[in-house]
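Below is one structure; the comments refer to it alone.
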Amino acid sequence: MSRRPLSPRHHGLVELVPWGNEHFDDLVRLASDPRVVEYVGDGKPWSPDHAAERHQKALAHWAEHGFGWCAALERGAFVGLGSMVDHGDGVIEIGWWVDPEHWGRGIATAIATELRDAALARVRRVVAGYVDGNGASERVMVKIGLRYDRSFRAAGRLQHVYALERA
Ligand SMILES: CC(C)(COP(=O)(O)OP(=O)(O)OC[C@H]1O[C@@H](n2cnc3c(N)ncnc32)[C@H](O)[C@@H]1OP(=O)(O)O)[C@@H](O)C(=O)NCCC(=O)NCCS
């Protein structure tokens with residue numbers, strides 16, 4: 001992950017840094033917020049144990065692949081997270097969560113743009129998915145140039161996949 005600052009729409013600079021133990025408390029805070037998880041998985045807040053499991057997986061993914069989740073920091077303060085997950089076969093899935101206090105400022109778009117570029121520097125295809133109804137996330141995918149690919153059901157909900165291939 002580069003340490004180049006990203007520029008969200010309204011003010012401030014966002015920097016993506018590799019995921020670490022110092023970000024765990026922020027993960028627990030965001031993942032227990034019903035607004036954040038409404039369109040994630042089954043829509044239920046994560047328990048601290050589940051957050052710990054996902055945190056460990058994120059650290060293991062970094063160790064195995066040299067990329068993965070990152071924390072989005074604005075003037076050093078945690079404002080969200082981005083994820084890059086290796087799917088094998090030349091495909092990386094990207095995703096983003098922003099602290100609700102900072103929604104609507106272009107932070108997800110800044111994170112997603114950086115992740116798209118980081119993914120396509122490594123593999124030929126980048127994908128992202130959202131649960132039906134998550135209009136803000138769909139909009140972010142469209143804004144960074146991903147196109148609709150397919151839909152499927154998971155955890156009882158309709159999921160939509162958007163994708164972009166390296167030119
Ligand atoms: C989705 C999420 C990351 C967006 O973060 P954000 O920083 O507010 O996003 P941005 O400001 O970069 O862009 C949001 C865009 O969606 C638009 N938008 C917001 N709510 C919308 C809605 N209900 N329907 C359609 N578009 C919507 C905004 O107007 C903006 O588009 P614009 O720049 O053309 O005006 C944030 O809402 C979030 O963290 N949600 C919870 C976690 C989550 O669902 N993550 C995605 C999992 S796939």
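The values are calculated or read from the model by the stated rules, or taken from the named source; none is laboratory data. No experiment lies behind these values; they were computed from the predicted model shown. Because the Cβ atoms are built from the backbone with ideal geometry, glycine has one as well, and the counts that use them run over all protein chains shown.
The one condition from (1) closer than 20 Å to residue 40 by Cα; (2) in contact (Cβ under 8 Å) with a residue 12 or more places away in the chain that residue 135 does not meet is (2).
Scanning the stretch 81-110 for residues that are crowded, with 18+ Cβ neighbours inside 10 Å and on the phi > 0 side of the Ramachandran plot yields a single hit, 106. The residues of the stretch 62-109 that are more than 14 Å from the ligand (Cβ to nearest atom), free of Cβ contacts under 8 Å to residues at least 40 places away in the same chain and within 12 Å of the chain's Cα centre (by Cα) amount to a single one, 92. When residues in the stretch 140-164 are screened for being exposed (fewer than 13 other Cβ atoms within 10 Å of the Cβ) and not aliphatic (A, V, I, L, M), 8 of them pass.
Rundown of residues vs (1) modelled with pLDDT of 95 or more; (2) small (Gly, Ala, Ser); (3) closer than 23 Å to residue 129 by Cβ, yes/no style:
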{"site": "4", "(1), (2), (3)": "no, no, no"}
{"site": "7", "(1), (2), (3)": "no, yes, no"}
{"site": "10", "(1), (2), (3)": "no, no, no"}
{"site": "19", "(1), (2), (3)": "yes, no, yes"}
{"site": "24", "(1), (2), (3)": "yes, no, no"}
{"site": "27", "(1), (2), (3)": "yes, no, yes"}
{"site": "30", "(1), (2), (3)": "yes, no, yes"}
{"site": "34", "(1), (2), (3)": "yes, no, yes"}
{"site": "38", "(1), (2), (3)": "yes, no, yes"}
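Scanning the stretch 123-154 for residues that are away from the ligand (no atom under 13 Å from the Cβ) and among the small types (Gly, Ala, Ser) yields 145, 151. Within the stretch 50-60, is even one residue without any contact (Cβ under 8 Å) to a residue 24 or more places away in the chain, of a type in the set (Lys, Arg) and more than 15 Å from the ligand (Cβ to nearest atom)? Within the stretch 50-60 (the criterion being without any contact (Cβ under 8 Å) to a residue 24 or more places away in the chain, of a type in the set (Lys, Arg) and more than 15 Å from the ligand (Cβ to nearest atom)), the answer is yes, since at least one residue qualifies.
Quick check on residue 119: is it buried (at least 17 other Cβ atoms within 10 Å of the Cβ) and more than 8 Å from the ligand (Cβ to nearest atom)? Here the answer is yes, as residue 119 does meet what is asked.
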